[in-house]
1. Would you work out which of LEU72, ASN30, GLN13 lies farthest towards the positive end of the dipole of the chain, given +1 charges on the beta-carbon of Lys and Arg and -1 on that of Asp and Glu, about the Cα centre?
2. Return the ratio Rg/(2.2 N^0.38 Å) for the chain, where Rg is computed over Cα atoms only.
3. How far, in nm, would the chain grow between LYS37 and ALA2 when pulled straight, counting 0.36 nm per residue and subtracting the alpha carbon separation?
4. Run the helix sum for the chain: -39,500 (n - 2.57) per DSSP H stretch of 4+ residues, divided by residue count, reported at 222 nm to the nearest 500 deg cm²/dmol.
5. Determine which lysines satisfy two conditions relative to LYS37: a Cα distance under 21 Å, and not lying fewer than 8 residues away in the same chain.
6. Among the GluC sites (Glu not before Pro) within the chain, which fall in a DSSP loop and have no more than 12 other Cβ atoms within 10 Å of their own Cβ?
Amino acid sequence: MANHKSAIKRIRQTQSRNLRNRYYGKTMRNAVRNLRKMTDKAKASEELKRVSSLLDKLGRKNVISKNKAGNLKSKLAKLVNKLEA
């Protein structure tokens, strides 16, 4: 157990950030999964904008790396472009 006041505070901060990051990570995975299931191109392209924005935000906040966010956005864009109109 930590002895210093600052170390105790750091533990509290780490736990709350960990919980928040897990929530955002799970939300991101569900959003990507739902986008991959879509078959309508119009709806999928609208959803792609929302998911891309989410991925960018998580990349900036280091919940996921910027490269992973870019790779996911690229793959999802290719998938949406392949859909029939």
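1. Positive-most Cα among the choices belongs to GLN13.
2. 1.45
3. Once the chain is fully extended between LYS37 and ALA2, it gains 7.9 nm.
4. After summing the helix terms and dividing by the residues of the chain, the value is -29000 deg cm²/dmol.
5. Straight-distance partners of LYS37: LYS26, LYS49, LYS68, LYS73, LYS75, LYS78, LYS82.
6. Within the chain, the qualifying GluC sites (Glu not before Pro) (loop, at most 12 other Cβ atoms within 10 Å) are GLU84.
Only the coordinates and a few stated rules stand behind these numbers; no lab work does. Since the model is a prediction, treat every value here as computed from it, not as a measurement. Cβ: placed from backbone, ideal geometry, glycine included. Neighbour counts: every protein chain shown.
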